[in-house]
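Data first, discussion second: the structure below is written as structure tokens.
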Amino acid sequence: MKKIIPALLALFVFSFIIGCGSDDNGGSNGETTPRVVANTTVAAPSLSNPNDAVWSQVDSVSIDVSMTNAPRNIAPKVAAVPPSVQVQAIKADNFLYMRVKWSDPSFDAWPNYFYVANITNIVNFTHETLAEEDQVFVLFEDTADSGYDVWNWRVLTTGAGGLAEDGFFNTSTLQDTIIPDSDGTLGAVVAMQNYDNQFTNIPFYVHKDTSEFNQDTSDVLTGYALYTDDTLNTNDTLYIRYDTTSIGEPPNDSIIVDTVYVTALLTDGWVEGQRLPSFVIDSTLKNKSNAERGSRWDTRAVSTYSDAANEYTVVLGRLLNTGHSDDLNMGTVDSVKVKIGIYDDQNSFSTGSTSRGYSKEFWLILP
């Protein structure tokens, strides 16, 4: 009997070691792949409030962020923005909702803008074309198409319109760009250029009520966005940038553009250094039909930035099966591998020379 016990003990230890080594979720260093399980018992969250109380009932998973986790590393990188990202998921009403939170020391929502260079008897603008803003990329692995189905939220040029932009990243090519999904019948975009490419210092539109855009606030209602329904009626005119003694098209003496109010025909309400958005945001596109928005704009979004906590909270939502051939059908799978990219004041997806970090790959479980 005494000889049998050590033999059984040795067999148990050997079996335990073998069992631990065969973990399918383990990496080469023995680490397990993080898992985010979509909650299926709570109600669908609001897409008008990123802090809907329903999220307090959903588990949050912290995923490490690193500059070495990009989907393909082909160029030098800058250190990751946050050390981690908090991820939650809900599966409800045939939708997948994801809530992403991360730290960011600044709110960057001015990718391009005008500023008042000087005021003489008219207002003269100068145009800054930095094309940089805070962004997040959610990449869903699509092995059938050798790439990732991508949700791209940008704080101004998609987020201010309540949407994220859908696209595809092909890992079988060397091109580090996102290919936008197919347009809808409207062929619309969220952010429309507020200037002509030939006359970049002349804004098409200004706000109908105010000249004040607070560049330091994250309040979308009063801070950094110019909406289509807030621009002045084209029957009201302002002669801007050029001598107003005559009317003509550029490059003649003057140009007619929409204006703020009659007194702005002079210089009232404007001060040097004041900013004016160089994008006009369509806030109605999110309410259009699926056919009108197309695959490119089928992901809804709502967000907030806490100045006190220096933290973004973004909620994204899309149908599990959109019916679009260029979208990953998540209604037929029980799990998908995901990466999340955090971009601090950047202008593109390119993996080189950007201040960005990517999360570790994790499993999104869809019960």
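If you take the residues of the range 195-212 that are at pLDDT 75 or above and touching a Leu at 6+ places or on another chain (Cβ under 7 Å), which of them is surrounded by the most Cβ atoms within 10 Å (Cβ to Cβ)? Among them, the one singled out is Val206. Filtered by the rule that a residue be more than 20 Å from Ile340 (Cβ to Cβ), of a type in the set (Val, Ile, Thr) and assigned to a strand (DSSP E or B), the range 120-152 gives Val123, Thr126. Taken over the range 102-148, the criterion of being over 22 Å from the mean Cα position of the chain (by Cα), crowded, with 22+ Cβ neighbours inside 10 Å and aromatic (Phe, Trp, Tyr) is satisfied by Phe114, Phe125. Mind checking which residues of the range 153-182 are touching a residue at least 60 places away in the same chain (Cβ under 8 Å) and part of a strand (DSSP E or B)? Trp153, Leu163, Ala164, Glu165, Asp166, Gly167, Phe168, Phe169, Pro180, listed by residue number. Taking the condition under 22 Å from Asp230 (Cα atoms) and either modelled with pLDDT under 95 or in contact with a strand residue (DSSP E or B) (Cβ under 8 Å, 6 or more places away or on another chain) (or both), does Thr299 pass? No, not satisfied. Figure legend. Inter-residue proximity from the range 121-145: first residues at positive phi, second residues surrounded by fewer than 21 Cβ atoms within 10 Å (Cβ to Cβ), beta-carbon distance below 7 Å, spacing 6+ or different chains. Indicated pairs: Ala131/Asn347. Scanning the range 308-321 for residues that are assigned to a loop (DSSP other than H, G, I, E, B) and at pLDDT 95 or above yields Leu320, Asn321. Does Ala117 fit the bill of being outside any loop (DSSP other than H, G, I, E, B) and of a type in the set (Gly, Ala, Ser)? The answer is yes for Ala117. Checked against the criterion of being part of a loop (DSSP other than H, G, I, E, B) and either at pLDDT 65 or above or more than 23 Å from Val150 (Cα to Cα) (or both), the candidates Val36, Val65, Val13, Val81 yield just one match: Val81. The single residue among Gly162, Gly167 that is out of contact with any Gly (no Cβ under 9 Å at 6 or more places or on another chain), buried (at least 20 other Cβ atoms within 10 Å of the Cβ), on the phi > 0 side of the Ramachandran plot and in the same structural domain as Lys101 (by TED's automatic domain parsing) turns out to be Gly162.
The values are calculated or read from the model by the stated rules, or taken from the named source; none is laboratory data. Please read all numbers here as calculations on a predicted model, not as lab measurements. Note that each Cβ is placed from the backbone with ideal geometry, even for glycine, and that neighbours are counted across all protein chains shown.
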